[in-house]
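Student: Once you've had a glance at the structure underneath, I'll fire off some questions.
The values are calculated or read from the model by the stated rules, or taken from the named source; none is laboratory data. Just so it is clear, the structure is predicted and the values come from calculations on it, not from any experiment. Here the Cβ positions follow ideal geometry from the backbone for every residue, glycine too, while neighbour counts run over all protein chains shown.
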Amino acid sequence: MLTGDKKEISQYISNELGLDDVYSELLPHEKVNVVDKLCRNNYNGKVAFVGDGINDAPALTRADIGIAMGKIGTDAAIEASDVVLMTDEPYKLVDAIKIAKKTHKIVLENIILALGVKLSVLTLGALGFATMWEAVFADVGVTVLAVFNSLRILAK
């Protein structure tokens with residue numbers, strides 16, 4: 001946790017949340033330095049920074065993923081971030097990540113389906129076995145199938 005709050009308050013919050021590290025009484029440039037260090041040393045993933053104030057804007061920009069609290073956040077924080085949580089409920093980020101993973105999976109399925117069908121019909125056409133109707137299905141039909149497959153994203 002990176003905060004400009006006093007050490008006692010930030011330590012109490014950190015203990016309540018079960019956080020590993022807490023950096024308190026930081027100025028904006030010190031937050032950027034800590035985020036920069038984390039970005040350089042984090043070999044296993046991305047560094048996300050959540051902020052709501054103008055003093056968080058530089059760190060939001062430096063982080064791999066900047067997340068602003070949109071309802072109470074300042075314009076500077078919202079502009080500097082990659083993601084804006086409009087309801088100021090951080091757990092909504094978990095839902096967004098789940099939706100993004102599901103969307104990524106479905107997009108890959110659609111690409112594989114479309115390329116597979118089109119290559120199959122192209123091969124059959126080159127060999128003289130495909131008709132015009134099969135070519136139309138390979139074009140329009142696969143598009144419709146991909147749209148219907150994409151509708152699964154809406155299902156919970």
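Student: Would you confirm whether or not the range 68-75 contains a residue that is out of contact with any Gly (no Cβ under 8 Å at 6 or more places or on another chain), exposed (fewer than 13 other Cβ atoms within 10 Å of the Cβ), aliphatic (A, V, I, L, M) and free of Cβ contacts under 8 Å to residues at least 12 places away in the same chain?
Tutor: For the range 68-75, residues out of contact with any Gly (no Cβ under 8 Å at 6 or more places or on another chain), exposed (fewer than 13 other Cβ atoms within 10 Å of the Cβ), aliphatic (A, V, I, L, M) and free of Cβ contacts under 8 Å to residues at least 12 places away in the same chain: absent.
Student: Within the range 1-32, can you find the residues that are farther than 17 Å from ASP82 by Cα and touching a Lys or Arg at 6+ places or on another chain (Cβ under 9 Å)?
Tutor: Within the range 1-32, LEU2, THR3, GLY4, VAL22, TYR23, SER24, GLU25, LYS31 qualify.
Student: Does LYS71 count as at pLDDT below 90, in a loop (DSSP other than H, G, I, E, B) and in contact with a Ser or Thr (Cβ under 8 Å, 6 or more places away or on another chain)?
Tutor: Here the answer is yes, as LYS71 does meet what is asked.
Student: Listed residues VAL22, VAL32, VAL47, VAL83; which is among the aliphatic types (A, V, I, L, M), surrounded by 13 or more Cβ atoms within 10 Å (Cβ to Cβ) and within 30 Å of PHE148 (Cα to Cα)?
Tutor: VAL83
Student: Could you give every pair whose Cβ atoms fall below 7 Å, whose first residue belongs to the range 131-156 and is in a helix (DSSP H, G or I), and whose second residue is of a type in the set (Lys, Arg), counting only separations of at least 6 or pairs across chains?
Tutor: ALA138/LYS118; VAL142/LYS118; ILE153/LYS102
Student: Is it the case that some residue within the range 81-88 is outside any helix (DSSP H, G or I), touching a residue at least 40 places away in the same chain (Cβ under 8 Å) and under 30 Å from LEU26 (Cα atoms)?
Tutor: Checked the range 81-88: no residue is outside any helix (DSSP H, G or I), touching a residue at least 40 places away in the same chain (Cβ under 8 Å) and under 30 Å from LEU26 (Cα atoms).
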